[in-house]
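Beneath this line is the structure, given in structure tokens, with notes to follow.
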Amino acid sequence: MECFKTFSEGLRKKNVEAVITCSKIDSEFEGIRETKDYIYNVISETNLINPHIIEDIVFVGNEPIGTKYILYRYRVILKNIDEYISVRVIVKTNIIYLLVFVVGKNIPLKSDAIREHFEPAVFMEKAIRKHGSVSGQKYIPNFIIYRILGQPIVDIDKWKLTIEGFVKRKLEYSYNKLLSMSNAKLIADFHCVTGWSVKGVVWEGIVLKNLVGEDNILPEAKWVYTISLDGYSTIIPINDFLSEKSLLVLKINGKVLSLEQGFPARIFIPHLYGWKGAKWVTRIVFTDKYMDGFWEALGHHPRGNVFLEERFK
Ligand SMILES: Nc1nc2c(c(=O)[nH]1)N[C@H]1C(S)=C(S)[C@@H](COP(=O)(O)O)O[C@H]1N2
Ligand SMILES: [Mo]
């Protein structure tokens, strides 16, 4: 087993101070009750907190993520502390695949032994894209609206989209400018990592590659970190971001984006899961190093390719 500490700024809105993720586990999932003991043992072994301050470990619920994974939620209740540690146990075909400890600020964490950064395996060069099958997904008629950090207020006269980081020239676009540049139309399915998909959505906007200008990107850039008005963030490998079909979306199904679907602009990359497409996006930052966004910090995959079922790290 290997544990690392991570964080993403947006999590602060949810009163989270640190996330500890343990992978390479390979233990069998023996049952809801047995897993409580398992969690207790992992906490003791990793020395995450002093195990003597644990009052109880309770099961909260579970949900399928696609068809291969089940997410079990637990809480570690602590003696004399008003906060609990949330534990996400990700089980893949009956094997515990990932353990995610979500820790608030009043919790006496002893994580000095746990290293700070998760470095994803180098897979970017391959830029694999397989089409046709969408394993583990179920089609539904309409989008389910998500706003994990709430609905932001948009002042369209002040709003701008910036392109920054490892670029030769920093760019800044107003909404009117983007509207005047909008010339791309794409029909493609949408896939949420939790297991629902929407067929044949009409996406309109600007090809991201053209918006940035390929010759504007510095060779050091390897990842693209996007930041939204609500504090949401996500990270995309540069090859996926620059693919022919990756769009800055201004319209869905012939209509200007609704406020709840990300007005003024959202990102859509057809071969990646929906969480990689930030709604209310306002900054696009080219970086040389990997860093977790909101869902990546909670265990989701650095790339999230739908056709390779890259749901979790
Ligand atoms: N800013 C922001 N972008 C977001 C999210 C969010 O909560 N906030 N949710 C993501 C997830 S997990 C999915 S599946 C899609 C959902 O898009 P929809 O709300 O239009 O269905 O938005 C993605 N982009
Ligand atoms: Mo999602």
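The values are calculated or read from the model by the stated rules, or taken from the named source; none is laboratory data. Nothing here was measured: the structure is a model prediction, and the numbers come from that model. So basically every Cβ, Gly included, is an ideal-geometry build from the backbone, and we count neighbours across all protein chains shown. For accessibility, only protein heavy atoms count, side chains too; no ligands or nucleic acids. Shrake-Rupley method; radii C 1.70, N 1.55, O 1.52, S 1.80 Å.
Miscellaneous remarks
- Under the condition of being part of a helix (DSSP H, G or I), crowded, with 18+ Cβ neighbours inside 10 Å and out of contact with any helix residue (DSSP H, G or I) (no Cβ under 8 Å at 6 or more places or on another chain), the residues counted in segment 179-213 number 1.
- Residue match in segment 213-233 (condition: within 15 Å of ligand 1 (Cβ to nearest atom), touching a strand residue (DSSP E or B) at 6+ places or on another chain (Cβ under 6 Å) and closer than 19 Å to PHE307 by Cα): no
- Hits in segment 1-49 (condition: over 26 Å from the mean Cα position of the chain (by Cα) and assigned to a loop (DSSP other than H, G, I, E, B)): GLU30, GLY31, ASN47, ILE49
- Within segment 278-299, being open to solvent by 10 Å² or more (accessible area, probe 1.4 Å) and within 14 Å of ligand 1 (Cβ to nearest atom) holds for LYS279, THR282, ARG283, TRP295, LEU298.
- Test set (1) on the phi > 0 side of the Ramachandran plot; (2) assigned to a strand (DSSP E or B); (3) not hydrophobic (A, V, I, L, M, F, W, C) - LYS251 fails condition number: (1)
- Screening segment 270-282 for residues that are outside any loop (DSSP other than H, G, I, E, B) and within 19 Å of LEU179 (Cβ to Cβ) and picking the one that is nearest to ligand 2 (Cβ to nearest atom) gives VAL281.
- Residue match in segment 23-39 (condition: over 17 Å from HIS300 (Cα atoms), surrounded by 16 or more Cβ atoms within 10 Å (Cβ to Cβ) and of a type in the set (A, V, I, L, M, F, W, C)): yes
- Of all residues in segment 227-269 being within 16 Å of ligand 2 (Cβ to nearest atom) and open to solvent by 20 Å² or more (accessible area, probe 1.4 Å), the one that is farthest from VAL198 (Cα to Cα): TYR232
- Qualifying positions in segment 50-71 - part of a strand (DSSP E or B), within 18 Å of the chain's Cα centre (by Cα) and not aliphatic (A, V, I, L, M): GLU63, PRO64, TYR69
- Taken residue by residue, segment 46-64 has at least one member that is modelled with pLDDT of 95 or more, surrounded by 19 or more Cβ atoms within 10 Å (Cβ to Cβ) and in contact with a helix residue (DSSP H, G or I) (Cβ under 6 Å, 6 or more places away or on another chain).
- Scanning segment 214-226 for residues that are open to solvent by less than 20 Å² (accessible area, probe 1.4 Å), aliphatic (A, V, I, L, M) and not in a loop (DSSP other than H, G, I, E, B) turns up just one, VAL224.
- Tally, over segment 197-214, of residues that are farther than 15 Å from TYR175 by Cα, charged (D, E, K, R) and in contact (Cβ under 8 Å) with a residue 40 or more places away in the chain: 1
- Some residue of segment 106-121 being outside any helix (DSSP H, G or I), open to solvent by 10 Å² or more (accessible area, probe 1.4 Å) and at pLDDT 95 or above: no
- Being at pLDDT 90 or above, within 21 Å of the chain's Cα centre (by Cα), more than 15 Å from LYS313 (Cβ to Cβ) and not in a loop (DSSP other than H, G, I, E, B) is a description that applies to TYR74.
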